[in-house]
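Colleague: The following block contains the structure, expressed as structure tokens.
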Amino acid sequence: MKVCRRSFLSLIIGGAAGTALSPLPLKLMDDSSIWTQMWPWTPVPEDGEVSHVGSICTLCPGGCGITVRKVNDRAIKIEGMKGHPVNDGGICVLGLSGLQLLYGPTRVKTPLKRAGARGEGKWEKISWDKAIAEIVKKLGELREKDKSHKVACISGTDRGTVSQLLGRFLTVYGSPNFIRVPSIQDSYELTMHKMQGVQASVGFDFENADFVLSFGSGLIDGWGSPVRMIKANSKWKERGKVVQIESRLSNTAAKADKWVAINPGTEAALALAIANVIIQKSLYNTDFVKNYSSGFEEFKEMVLNEFNPDDVSQITGVSASTIESLAKSFAGSSKPLAVCGQGRGETPGSLNEFMAVYALNALVGNIDKKGGVWTVPDPDYIKWPEVEMDRTASNGMHKARIDGAGSKRYPDTRYLLDRLPNAINSGEEYPVEALFVAGANPVYTIPDSKAVKEAFNKVPFVVSFSSYMDETAANSDLILPNHVFLERYEDVPTPVGLQKPIISLSKPVVKPQFNTKHLGDVILLIAKSFGGMIAKAFPWDSYEVCLKQTLGNKWDKLINDVFWTDSNFKPAVWGGSFNTPSRKFKFVNKSKAEPIKIEGDKQTYPLILMPYNSMRLASGFIGDPPFVIKTVEDTVLKGKEILVEVNPKSARGFREGDQAILSTPKGSVKVRVHHFNGIMPGLVALPRGLGHTAYDEYLADKGVNFNELIGPVEDPVSGLNAAWGIRAKLTRA
Amino acid sequence: MKEQHKNTKAKKYGMVIDLDKCTGCGACMAACMAENNVPFKKDESNKLDSITWMRVYSLTNGKKFPEADICYIPRPCMHCEAHNGHAPCVSVCPATATDYNRNTGIVSQIYTRCFGCRYCMAACPYHARYFNWWDPVWPDGMEKYLSPNVSPRMRGVVEKCSFCFHRHQLAMNKAYVEGRRELEEDEYQTSCTQACPAGAIIFGDLNNPGHAVSQIAKPDHKHGGRPMNPHAFRLLERLGTNPKVYYLSSREWVRRAGDNYIKDEGKQGNH
Ligand code: SF4
Ligand code: SF4
Ligand code: SF4
């Protein structure tokens, strides 16, 4: 309120003065007009034929339909596509600014080869032929020396034809090291694997849920498919309740019907205490529990013994009566839904927490039910022939993964990118000789930036396929720029969290603006240069041919409508989606779930630093374009300085706007202090998405990258990063 | 084709913004900038010179943890009717560069007439007007996305939200070609309304009882357009600016914050 009232008010006063002074001598106005309009230079945008092209935004995993307005061959504006099942006309701040990426200064305009030291910013422009030849040469050498497994590839996704081509190439080439960028998707996949015995994605029927219990998920702060979530939130305003459990008043908490402040990192305990009440009071769905689940008795015993509300209220700071009332309203609703995954869901989190929250859904029997959690099969339209591997390839594929996924320690986890820096730096497994990065910006997004840089420096050959000069591209040896999303074809399977399988088609809205090449075509070219089994695995002349064949009879529909939905899809009937040995849902938590311990000791670091997400700060592989960074409030970023949120109670003499040094065991940065009553005393919060060093002058060097201040903490079960915060202190600058 | 009346009834375009639904996501701000060729600078953190026709303010209830609460308030130009179209900004402009259009209720800004005295900025109680201190500069190549429907502004002029007036003109042109004088509700919608993922912004003719805006806000035209919906309010209602932007909130502290601006004036922070 303060901000608003003051600025409005000051202008009321000004207004009175302005009125009083208005009959000024005309001469003075002349002067001011001369002074103000000395150089009336402005571009005059050319008019022409208007057209609209439908496509898909892939700037985040949201997968929104977009309609792009064009004048002649220029794209003028991106709007949300009406009727698209994900966003039906809505669009987010980043999607709206997409043209600033297309036409912006951060584009890599042609293949580049490093000319100076790594990261120095000196580049030599090279031809596509030469760029591809360099890769083929390097990969050929490694293969000859039986080092094919020492090649790794980091990809933003593992779904859709482009990433499948990448994975396929790695396989026939002979490397097990295809690594997907981590997110809560990993934790949910593992949860479903352990509790339902399936390999599938989780879908949430949010639109039909009438009571959403969110354990810190930033439902309207970018979690899941962001526009879809914001739309669902508006639905809940009309019919439905949201309870947000979080230690900070996020936008989600502010918009929720009830905000329950909780001690951070204790969400799993709270979920199990809620389970305790539900079981104790027999509020659970007896049909489901009796007939479709296994392990309930052990689960019950554990929960009743170890998670009674009184004890848990000590840990969580949530009163026993609140726990009880949450349990009652959750179990008493007709379509309750419990979700977790901190903030935007970039950190996978504690598997115990995911399973505890998932168990709540099972207790009330809302698995595969209207308004509940659905098992969404991975789209199966990519039906390429099995690859045939030569000896080198199969030898390589039998080597252990560098990140430890699938190892004895973490047998069920598929990808562990956050372990990669340490694996490279410690040299425990084997060195990485070549690293390829596509649709990802790991130098910026992996926690512990220092270790990440060190690891990158140890890899002798780093190739980026980025369209933009992001931090990873800037620290690579070769950049083979992909077309941006508005210039290329790409299939976009079901966005994260959607309850129904869909396929969308991103298609070229304008012709490529620069000397870039579709990553799909680049993979085909590399493979073909190898000949043999490798070339044989890629029988397509071009990516477009491959995509068209793969989509088969869906192609025409996709070209016309941009999306395809499976109209026959219905959630499985109970039991149908359970593939455990007993064909039943399995309550897994058996022993006391150890909370995830964060790094740092309390003595040195009296505070806890936590990240927060905002729709106005893109924190994935794309950085904020100028329009988006413009929307960031001055209580978050002032000039180049970032503000950290501190409760006035724990500000210890730091006044609003004071400079301070924020230190954690991982690093120290300069910040300014912002008093915020919405944050729990004892915590400091820093937004994700700032502190870029690459990109353009509109974004670079503003604020601090959260990942400089935190390192990963391995979840004991999954090996995924479960760090929800880190100990910290604020000292005088 | 049916004969049209020469004088169609005057419109009063206005907005209702549901603050319960608004998530503060900022899409409306970017939608506006992208639609209206709004420029940007390297540093936009000084909000006084950051040109945002649509700006989302955040309000807090001033309470302590865990009673604290936030509410976002998107603020376009209110297109004040005041008394008889004498909007605060209109009445002070010596160049008639800003004008109240009686057919639409839209307060226009004519850049070529504006010579930058900035009286209107001082007069506007909503801080809805912005001055171009610099010529706009688009990075090389980025001017490709500029829309031909809205002229880019030059240094020395004031600009503000136009309710995407060019969209009205385009829609009217189309209607005329089709032999109509009246627009359907969905034919003229502002860019922010269209973009808002929450569906928090509704736009239409406050004079038209069939339009959602008038059904929801229920403006009392006999009393300066005051909303009759108990959850609706306007910013600084008592100034008598008769704004055409209505807000909805189920939270009382939000309604009070927008409505009364004198009480506890002394308690302001450093913003
Ligand atoms: S939510 Fe994601 S996919 Fe949708 S418009 Fe925004 S950036 Fe694009
Ligand atoms: S786009 Fe809608 S939800 Fe987002 S800030 Fe604007 S009004 Fe609020
Ligand atoms: S809000 Fe300000 S600029 Fe808009 S009409 Fe009212 S006084 Fe004029």
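Colleague: Please label the shape of segment B:150-271 as rounded, prolate or oblate, based on the square roots a ≥ b ≥ c of the eigenvalues of the alpha-carbon gyration tensor (a/c under 1.5 means rounded; beyond that, a/b larger than b/c means prolate, else oblate).
Modeller: oblate
Colleague: Okay, moving on. For segment A:605-693, how many pairs of lysine residues have a Cα-Cα distance under 13 Å, where the two are 8 or more positions apart or belong to different chains? Numbers along the way, then the final one.
Modeller: Working: A:LYS630/A:LYS638; A:LYS630/A:LYS640; A:LYS638/A:LYS670; A:LYS640/A:LYS670.
Lysine pair count for segment A:605-693: 4.
Colleague: Place +1 on the Cβ of every Lys and Arg and -1 on the Cβ of every Asp and Glu in segment B:13-257, take the dipole about the Cα centre, and give the residue among B:CYS32, B:ILE202, B:ALA95 whose Cα lies farthest towards its positive end.
Modeller: Going by the charge dipole, the pick is B:ALA95.
Colleague: Output the relative contact order of chain A, whole-number percent, from Cα pairs under 8 angstrom with separation of 6+ residues.
Modeller: Dividing the mean separation by the residue count of chain A yields 18 percent.
Colleague: I would also like to ask the following. With a probe of 1.4 Å, find how much accessible area segment A:286-394 has per residue, and write the answer as a whole number in Å².
Modeller: 40
Colleague: Could you work out the local net charge near A:LEU96, counting Lys and Arg as +1, Asp and Glu as -1, over the other residues with Cβ closer than 10 Å to its Cβ?
Modeller: Residues near A:LEU96 contribute -1 overall.
Colleague: Tell me the total accessible area that B and A bury against each other, 1.4 angstrom probe, in square angstrom rounded to 100.
Modeller: When B and A are taken together, about 8100 Å² of accessible area is lost.
Colleague: Let me ask another. Please give the Cα centre distance for segment A:547-598 versus segment A:67-127, rounded to the nearest Å.
Modeller: Taking the Cα centre of segment A:67-127 as reference, the centre of segment A:547-598 is 31 Å away.
Colleague: Apply the membrane-span-like helix rule to chain A: whole DSSP H runs, Cα extent along the own long axis of at least 20 Å, mean Kyte-Doolittle hydropathy at least -0.5. List the helices found. Each step should come with its number before you reach the end.
Modeller: Details: long enough: A:2-21 (29 Å, 0.94); A:128-144 (24 Å, -0.42).
Once both thresholds are applied, what remains is A:2-21, A:128-144.
Colleague: Using +1 at the Cβ of each Lys and Arg and -1 at the Cβ of each Asp and Glu in chain A, identify which of A:ALA338, A:ALA473, A:GLY620 lies farthest towards the dipole's positive end.
Modeller: Farthest towards the positive end: A:ALA338.
Colleague: Let me spell out the model: positive unit charges on the Cβ of Lys and Arg, negative unit charges on the Cβ of Asp and Glu, origin at the Cα centre of segment B:13-257. What dipole size does that give, in debye rounded to 20?
Modeller: 660
Colleague: Take peptide B:61-74, look around each residue's Cβ out to 10 angstrom, count Cβ atoms belonging to other protein chains, and average those counts.
Modeller: 6
Colleague: Would you be so kind as to identify which of A:GLY575, A:VAL93, A:ASN647 lies farthest towards the positive end of the dipole of chain A, taking Lys and Arg as +1 and Asp and Glu as -1 on Cβ and the Cα centre as origin?
Modeller: Of the options given, the answer is A:ASN647.
Colleague: For the pair A:ILE661 and A:SER542, how long in nm is the line joining their label points, each one 7 Å along Cα→Cβ?
Modeller: 5.8
Colleague: Given Cβ point charges of +1 (Lys, Arg) and -1 (Asp, Glu) and nothing else, what value in debye, to the nearest 20, does the dipole of segment A:607-732 about its Cα centre take?
Modeller: For this selection, approximately 480 debye.
Colleague: Continuing with this model, one more query. Past 21 Å, Cα to Cα: identify those pairs from A:LYS150/A:LYS453; A:LYS507/A:LYS554; A:LYS70/B:LYS174; A:LYS77/A:LYS554, in the order given.
Modeller: A:LYS77/A:LYS554
Colleague: Moving on. Quantify, in whole percent, the carbon and sulfur part of the accessible surface of the protein assembly as shown (1.4 Å probe; protein heavy atoms only).
Modeller: Details: 19250 of 37720 Å².
Ligands and nucleic acids excluded, carbon and sulfur reach 51 percent.
Colleague: Quick check for you: with a 1.4 Å probe and neighbouring chains kept, what is the accessible area per residue of segment B:13-257, in Å²?
Modeller: In whole numbers, segment B:13-257 has 35 Å² accessible per residue.
Colleague: Show me the ranking of peptides A:407-419, A:169-181, A:91-103 by mean Cβ neighbours inside 10 Å, starting with the highest.
Modeller: Values: A:407-419: 19.5, A:169-181: 24.8, A:91-103: 27.2.
Top to bottom by mean Cβ count within 10 Å: A:91-103, A:169-181, A:407-419.
Colleague: Charges only on Cβ, +1 for Lys and Arg, -1 for Asp and Glu: so what's the dipole of the protein assembly as shown about the Cα centre, in debye to the nearest 20?
Modeller: Taking the Cα centre of the protein assembly as shown as origin, the dipole is about 1360 debye.
Colleague: Once each part is reduced to its C-alpha centroid, what is the distance from segment A:261-289 to segment B:160-205 in angstrom?
Modeller: Between the Cα centres of segment A:261-289 and segment B:160-205 lies a distance of 49 Å.
Colleague: Shape verdict for the protein assembly as shown, please, from the Cα gyration tensor: rounded (a/c under 1.5), prolate (a/b greater than b/c) or oblate.
Modeller: The shape class here is prolate.
Colleague: Rounded to two decimal places and with Rh computed the Kirkwood way over Cα pairs, what is Rg over Rh for segment A:607-732?
Modeller: 0.97
Colleague: Need the C-alpha centroid separation for segment A:148-218 versus segment A:414-483, integer Å.
Modeller: Cα centres, segment A:148-218 to segment A:414-483: 19 Å.
Colleague: Work out from phi, with θ = phi - 60° and the Karplus expression 6.51 cos²θ - 1.76 cosθ + 1.60, the ³J(HN,Hα) of each residue of segment A:609-621, listed in order in whole Hz, and give x for Gly and Pro.
Modeller: Values per residue, Gly and Pro as x: 9, 10, x, 9, 10, 9, 4, 8, 10, 5, 10, x, 7 Hz.
The values are calculated or read from the model by the stated rules, or taken from the named source; none is laboratory data. From a predicted model like this one, the values you see are computed outputs, not experimental measurements. Glycine also receives a Cβ, built like all others from the backbone with ideal geometry; neighbour counts cover every protein chain displayed. Calculation scope for accessible area: heavy atoms of the full protein, side chains included, ligands and nucleic acids excluded. Shrake-Rupley method; radii C 1.70, N 1.55, O 1.52, S 1.80 Å.
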